[in-house]
Amino acid sequence: MENNKVTVKIFGQEYTIMGSKSREHIIKVADYVDVKMKEISQALNSGPISSIAVLSAVNMADDYFSALERFQHLEVTNAQAEKDTEHYTQLWEEAKKSHIQQLEEIKELNSQKEQLSKSFETQLADLQKLVEEKDTEVKKLKEDSAKIEGQIMESSSDMVNELEAKYKDLESSFFDIQMENIQLKGELDRYKKKME
């Protein structure tokens, strides 16, 4: 590394300083020493240059160690900040993963909801169809009953007894179908309430 040779003035005397630092850096250091020596000289009012130089060196050493302590404190603070940053970065990554997982779970729940909704609609349509079929059967039975009643009125007494027996059978079947129809309507109402 190339050495720089700089002539500087410290406390009224010229010195030639050689060093690997830049010319500007060497001049800045020399000016700092000059200012310190002038401060000590003013504080003492008088005294030999050696005493001024030693006291200046002590003051500069104090400045150095104070700066070193501040630097070490900053190093500790910086190390803690790096640990905190790493910790919070880890927490952030975990939060991101948790958020992504929740989004996937919501997506899966929405998919299940859609499937259940389609299944319910299918079952509801089947129930409505079944109710309509039962209503048709009931209507047909009523029509058949009306025909039988007409035939009974025109038949002989034996025929009347026979038809009355058939009528009772039909009435019993009609009652069973009515009960089944009521149950189916009840199930349909329950499905509708579940969907609400």
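Structure summary
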| item | result |
| --- | --- |
| FRET efficiency estimate (nearest 0.05) - Cβ-Cβ, THR122 to LYS193, R0 25 angstrom | 0.90 |
| In Hz, Karplus ³J(HN,Hα) per residue of region 126-142 (6.51, -1.76, 1.60; θ = phi - 60°; x = Gly, Pro) | 4, 5, 4, 5, 5, 4, 4, 4, 5, 4, 5, 4, 4, 4, 5, 4, 4 |
| Potential lengthening between VAL35 and GLU114 on full extension [0.36 nm per residue; Cα-Cα distance subtracted] | 20.2 nm |
| Gaussian network model of the chain, springs between alpha carbon atoms under 10 Å - residue of TYR15, TYR88, TYR64 with greatest fluctuation | TYR15 |
| For region 1-146: span of alpha carbons on each principal axis (Å, largest first) | 142, 36, 19 |
| With all protein chains modelled, accessible area of LYS36 [1.4 Å, Å²] | 30 Å² |
| Using θ = phi - 60° and Karplus 6.51 cos²θ - 1.76 cosθ + 1.60, couplings along region 167-181 (whole Hz; Gly, Pro as x) | 4, 5, 4, 5, 5, 5, 4, 4, 4, 4, 5, 4, 4, 5, 5 |
| Gain upon complete extension [GLU154, GLU93; 0.36 nm per residue less C-alpha separation] | 12.8 nm |
| Positive-pole candidate from THR77, PHE65, LEU55, dipole of region 30-82, charges at beta carbon | LEU55 |
| The chain: relative contact order in percent, alpha carbon pairs under 8 Å with at least 6 residues between | 12 percent |
| For LYS21, distant residues with modelled amide H under 5 Å away | ASN4 |
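The values are calculated or read from the model by the stated rules, or taken from the named source; none is laboratory data. Just so it is clear, the structure is predicted and the values come from calculations on it, not from any experiment. Note that each Cβ is placed from the backbone with ideal geometry, even for glycine, and that neighbours are counted across all protein chains shown. Ligands, DNA and RNA are stripped out before the accessible areas are found, and what is left, the full protein with its side chains, is counted by its heavy atoms. Shrake-Rupley method; radii C 1.70, N 1.55, O 1.52, S 1.80 Å.
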